[in-house]
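One structure is given below, encoded as structure tokens.
The values are calculated or read from the model by the stated rules, or taken from the named source; none is laboratory data. All figures in this text were calculated on a predicted structure; none of them were measured in a lab. With ideal geometry, Cβ positions are generated from the backbone for all residues, glycine too; neighbour counts draw on all protein chains shown.
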Amino acid sequence: MEDERVFSDICGGRLALQRRHYSPSCREFCLSCPRLSLRSLTAVTCSVWLAAYALFTLFENSVILSAAIFITLLGLLGYLHFVKIDQETLLIIDSLGIQLTSSYASGKESTTFIEMGKVKDIIINEAIYMQKVIYYLCILLKDPLEPHGISQVVPVFQNAKPRLDCLIEVYRSCQEILAHRKATSTSP
Amino acid sequence: MACRTEAEPSRRPLDALACTSTEECPTAPTGSHSVCMVSDFFYPNMGGVESHIYQLSQCLIERGHKVIIITHAYGNRKGVRYLTNGLKVYYLPLKVMYNQSTATTLFHSLPLLRYIFVRERISIIHAHSSFSAMAHDALFHGKTMGLQTVFTDHSLFGFADVSSVLTNKLLTVSLCDTNHIICVSYTSKENTVLRAALNPEIVSVIPNAVDPTDFTPDPRQRKKDMVTIVVISRLVYRKGTDLLCGIIPELCLKYPDLNFIIGGEGPKRIILEEVRERYQLHDRVRLLGALEHKDVRNVLVQGHIFLNTSLTEAFCMAIVEAASCGLQVVSTRVGGIPEVLPESLIILCEPSVKSLCQGLEKAIAQLKSGELPTPEKIHGVVKTFYTWRNVAERTEKVYDRVIGEAVLSIDQRLDRLMSHCGSVTGCIFALLAVFNILFLIFLRWITPDSLIDVAVDASGPLSSWPLPQCSPRDKMNPHSNEDSET
């Protein structure tokens, strides 16, 4: 079962949330941001080149122009490879754990996996972020030494920063799975 | 207020989440307010203003209002935290400049404060303490955003020295277009009205309160064969530590069975130690250093007489606490102190060593002759005087009045600034107010109000939190107990 809904992030940008229900115990949530738009790419390139051209007319040194070309190319590559995240995925399987994947625009993927045994809970929390106070979804990890303590808080969808309505959607589904897990683990 | 049923405690936050995200969210019933307390001073910092804000908020929540508190970050304590009964506290990461007060540029706090006011749907901003830069900032921004503003003044100022002339000018600017001002005593009201050139009709007097259950007498803790005088104050000039240094040797010489217990810390501690050294009073003068609020009662009950040597005081909480513990109070006749307790419970003296010694001797003589009422009797009288519920009720009346008033429009506000605050200052601040409005318009363009998520209420009529005193177990709800970090 798969469906897609459109939400917005905290700055008003468009976000698409894809939900895939593979089975009652396994769900995947995929948040995709809009791809790098041609307009912003052109705007940045043009401004760098115009600045370089202004400097060139001032100093009459052509190294500036070639440097500008390299800077734009390397900057673009670096941006696509290390900064721009196109998609963030949360895969939750109740018997195994939670997998967080973020795929960069260049195709690079970074994945974190959290065993279900370590997961204490999934919650929505508030934080002060830049000049805003935002809601975010996070996973609480159990402290191995102290059964009631929390060793770490792992924020989810850090890059996309969806708004509360989207977070509630994901939160509910995750809680259903966690509740399902509790029900099955307590009744052998 | 009826308790809700406890059928599915874990589901309740969820339902509330759902409600705020949809359009047909129920609006708060009339008569209940969304109040935002702003002050630089809040727990974990300790003091009168801090406990005032906390206790007042708790009682307002109990009366069904929504209350949040905004303060600056204390060390590692930043982000959003929840206290008892869903009292939400925002610890904003703003730079602290001096004495736990934040630096002010009048503008830098607008984005965050505006975001919080919008997401919490605040209708009344209640700022505390004239020393708090953040409180003044919030008033300024609140007026720019067209919200109702209330200010509580907790301290008295002079008129003569340069620093008070400057603060008084700033206070004039800050309060000239504030809807309502609350003072803690009539002396403080007089002082504030004069300092800020206010219309006395918009100034109310609501005294502080003490929690009488925290300050109960316990005469068994007293030493039978000794007379003990307790002093609890910060050891600073304003609190008259210099007077104390004159009193101690004189009385100790006269009465061999007299002891002093002094609680508190401050720059003047060194001169107390010098006095103790010079007159060899180590066994009779105990310096306890800084005390936590919970320990204050245990120190108070050890004494027979409480001495307050303040040189200026708007409303002295310490003497009410001491009287509530059943001590005979001897105090200076300054500021609002004469209003606080009836004649029978307090001995008032002039702020001089001689007069205070006479007052103390009178108290000691009364004590030795057994003329003083028993501690229980004093406690029974005092506990009816100042309660937080009463304070909250009276504050609520101020809110009811304020909410009906119109907020000044921009041109009225500029007019008011220029006509009330002198031509130069008035024009400067009118200009700053215009900049603030432009900045707000810019912020509204960058992040429109519609993009700001409405926060889930933790207190008030739409609260997703269990009502007060309903179930302690729900406090363990993971939603509420997590501390968020930035």
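Things worth noting here:
- For segment A:118-137, the count of residues that are among the small types (G, A, S), within 23 Å of A:Y22 (Cα to Cα) and touching a Gly at 6+ places or on another chain (Cβ under 9 Å) is zero.
- Where helices (runs of 4 or more DSSP H) fall entirely within segment B:245-335, those with at least 2 residues that are in contact (Cβ under 8 Å) with a residue 60 or more places away in the chain are at B:293-300, B:317-324.
- Which listed residue is without any contact (Cβ under 8 Å) to a residue 40 or more places away in the chain, out of contact with any helix residue (DSSP H, G or I) (no Cβ under 6 Å at 6 or more places or on another chain) and more than 14 Å from chain B (Cβ to nearest Cβ), from A:R39, A:R14, A:R19, A:R35: A:R39
- Within segment B:91-104, restricting attention to residues that are assigned to a loop (DSSP other than H, G, I, E, B) and within 14 Å of another protein chain (Cβ to nearest Cβ), the residue that is surrounded by the fewest Cβ atoms within 10 Å (Cβ to Cβ) is B:P93.
- Single match in B:Y115, B:Y82 (criterion: part of a strand (DSSP E or B) and within 14 Å of another protein chain (Cβ to nearest Cβ)): B:Y82
The rows are residues; the columns are (1) among the β-branched types (V, I, T); (2) under 19 Å from A:Q87 (Cα atoms); (3) touching a Cys at 6+ places or on another chain (Cβ under 8 Å).
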site: A:S151; (1), (2), (3): no, no, no
site: A:P155; (1), (2), (3): no, yes, yes
site: A:D165; (1), (2), (3): no, yes, no
site: A:V170; (1), (2), (3): yes, yes, no
site: A:A179; (1), (2), (3): no, no, no
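- Across segment A:90-116, the qualifying residues are those that are of a type outside the set (A, V, I, L, M) and touching a residue at least 24 places away in the same chain (Cβ under 8 Å), and the one among them that is surrounded by the fewest Cβ atoms within 10 Å (Cβ to Cβ) is A:S95.
- Among the criteria (1) touching a Phe, Trp or Tyr at 6+ places or on another chain (Cβ under 9 Å); (2) within 14 Å of chain B (Cβ to nearest Cβ), the one A:L100 does not fulfil is (2).
- Within segment A:159-174, residues that are within 19 Å of B:A455 (Cβ to Cβ) and facing another protein chain (nearest Cβ under 8 Å) reach partners that are small (G, A, S) and outside any loop (DSSP other than H, G, I, E, B) with beta carbons closer than 7 Å, at six or more positions or on different chains, in the pairs A:R163/A:S8; A:L164/B:S21; A:D165/B:S21; A:I168/B:A18; A:I168/B:S21.
- Residue within segment B:351-358 that is closer than 27 Å to B:S129 by Cα and outside the structural domain of B:T192 (by TED's automatic domain parsing) present: yes
- The listed residues are B:L372, B:L417, B:L360, B:L408, and the only one of them that is touching a Phe, Trp or Tyr at 6+ places or on another chain (Cβ under 6 Å) and either surrounded by 15 or more Cβ atoms within 10 Å (Cβ to Cβ) or not in a helix (DSSP H, G or I) (or both) turns out to be B:L417.
- Members of segment B:384-402 found to be assigned to a helix (DSSP H, G or I) and either loosely packed, with under 15 Cβ neighbours inside 10 Å or not β-branched (V, I, T) (or both), listed by number: B:W388, B:R389, B:N390, B:A392, B:E393, B:R394, B:E396, B:K397, B:Y399, B:D400, B:R401
- Qualifying positions in segment B:54-75 - modelled with pLDDT of 95 or more and either closer than 22 Å to B:A290 by Cα or outside the structural domain of B:S155 (by TED's automatic domain parsing) (or both): none
- Flag if A:Y129 is in contact with a strand residue (DSSP E or B) (Cβ under 7 Å, 6 or more places away or on another chain), in the same structural domain as A:L17 (by TED's automatic domain parsing), at pLDDT 90 or above and aromatic (F, W, Y): no
- Just so you know, in segment B:121-142 the residues that are surrounded by fewer than 24 Cβ atoms within 10 Å (Cβ to Cβ), under 21 Å from B:S32 (Cβ atoms) and not β-branched (V, I, T) include one that is nearest to the chain's Cα centre (by Cα), and it is B:S123.
- When segment B:422-467 is limited to residues that are over 29 Å from the mean Cα position of the chain (by Cα) and not in a helix (DSSP H, G or I), the one that is farthest from the other protein chains (Cβ to nearest Cβ) turns out to be B:G422.
- Scoring B:V381 on the criteria (1) assigned to a helix (DSSP H, G or I); (2) among the β-branched types (V, I, T); (3) within 20 Å of the chain's Cα centre (by Cα) leaves a single failure, condition (3).
- Filter result (part of a loop (DSSP other than H, G, I, E, B) and either outside the structural domain of B:G47 (by TED's automatic domain parsing) or within 22 Å of B:I206 (Cα to Cα) (or both)) within segment B:118-165: B:S123, B:S129, B:S130, B:F131, B:S132, B:H154, B:S155, B:L156, B:F157, B:G158
- Number of the condition not met by A:I64 [criteria: (1) in the same structural domain as A:Q158 (by TED's automatic domain parsing); (2) out of contact with any Cys (no Cβ under 8 Å at 6 or more places or on another chain); (3) buried (at least 16 other Cβ atoms within 10 Å of the Cβ)]: (1)
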